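Pasting in a structure now, in C-alpha cells, and then I'll have a few things to ask.
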Amino acid sequence: MNLKKYTDYGLRVLIFTGLKQEGQLASIKEISAVYGISTHHLGKIVHELTKLELIETIRGRNGGIRLAKRPEEMNVGRIVRMLEGDFDILECFDKETNHCIISPGCTLKHALNKALHAFFQVLDDYTLNDLIENEHELRELMGIE
C-alpha cells in the first residue's frame, strides 16, 4: 500500500509545525525550503489542513501557521483517514466499480481488509506528539533551531 504524497506532505507539515515553540509560527516558505516541496503545492495542503481544523492560519505581515490542537490530541490514524479519503485497495472494495467475476467467492479481499484494519489499528496508537518526540534529532535534520 502506498499513501498519497498529499498525505505524506500533510503529515510533514504537521510535524514541522509541531516542532515550533509555543507562540512561534511556521511559514509555507520555511516548510518548502526544509522539505524541498513547492510552495504552491504546500499552499493547497495547508488550506486543506486548515479546513480539517488541524492547523490555524494567522494572516498579516507576521502571519503563518500553527497547530490548531495540542500534538497529543492529534491522532495519526484519524489524520491519515481524513487526508487519504478512500482505501479501496482492490477493485472489489468499491461496489460501484467492481467487475471482478470471482469477487463473491474471493478471500483475498477479506485478507486485505483485515490487513488494512491492522494498519489503522497501529496508526491509531500514535499521536503527532509521538512523531515529534525526538524533536532534537528532527530539528537537527531539518536545520531549524
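The values are calculated or read from the model by the stated rules, or taken from the named source; none is laboratory data. All of these numbers come straight from a predicted model, not from anything done at the bench. Positions of Cβ are generated from backbone atoms using ideal geometry, with glycine treated the same way; all protein chains shown enter the neighbour counts.
Would you say THR17 is more than 11 Å from the chain's Cα centre (by Cα), crowded, with 19+ Cβ neighbours inside 10 Å and modelled with pLDDT of 95 or more?
Spelling it out, THR17 is indeed more than 11 Å from the chain's Cα centre (by Cα), crowded, with 19+ Cβ neighbours inside 10 Å and modelled with pLDDT of 95 or more.
Are any residues in segment 53-104 part of a loop (DSSP other than H, G, I, E, B), of a type in the set (Gly, Ala, Ser), out of contact with any strand residue (DSSP E or B) (no Cβ under 6 Å at 6 or more places or on another chain) and closer than 24 Å to ARG12 by Cβ, and if so, which ones?
Correct list: GLY63, GLY85.
Right, THR50: surrounded by 15 or more Cβ atoms within 10 Å (Cβ to Cβ), under 23 Å from ASN129 (Cα atoms), out of contact with any Cys (no Cβ under 7 Å at 6 or more places or on another chain) and hydroxyl-bearing (Ser, Thr, Tyr) or not? Talk me through it step by step, then tell me what you get.
Details: surrounded by 15 or more Cβ atoms within 10 Å (Cβ to Cβ): no; under 23 Å from ASN129 (Cα atoms): yes; out of contact with any Cys (no Cβ under 7 Å at 6 or more places or on another chain): yes; hydroxyl-bearing (Ser, Thr, Tyr): yes.
Considered against the rule, which asks whether it is surrounded by 15 or more Cβ atoms within 10 Å (Cβ to Cβ), under 23 Å from ASN129 (Cα atoms), out of contact with any Cys (no Cβ under 7 Å at 6 or more places or on another chain) and hydroxyl-bearing (Ser, Thr, Tyr), THR50 comes out as no.
Now for a separate question. Would you tally the residues in segment 9-29 being without any contact (Cβ under 8 Å) to a residue 12 or more places away in the chain and either part of a helix (DSSP H, G or I) or of a type in the set (Phe, Trp, Tyr) (or both)?
So the count comes out to 1.
Return yes or no: is GLU22 over 12 Å from the mean Cα position of the chain (by Cα), under 30 Å from ALA111 (Cα atoms) and surrounded by fewer than 16 Cβ atoms within 10 Å (Cβ to Cβ)?
For GLU22, the condition - over 12 Å from the mean Cα position of the chain (by Cα), under 30 Å from ALA111 (Cα atoms) and surrounded by fewer than 16 Cβ atoms within 10 Å (Cβ to Cβ) - is not met.
Where residues in segment 60-115 are buried (at least 16 other Cβ atoms within 10 Å of the Cβ), small (Gly, Ala, Ser) and out of contact with any helix residue (DSSP H, G or I) (no Cβ under 6 Å at 6 or more places or on another chain), which of them is farthest from ASP130 (Cα to Cα)?
The extreme case among them is GLY64.
Just the residues that are part of a helix (DSSP H, G or I), free of Cβ contacts under 8 Å to residues at least 60 places away in the same chain and of a type in the set (Phe, Trp, Tyr), please, taken from segment 105-145.
PHE120
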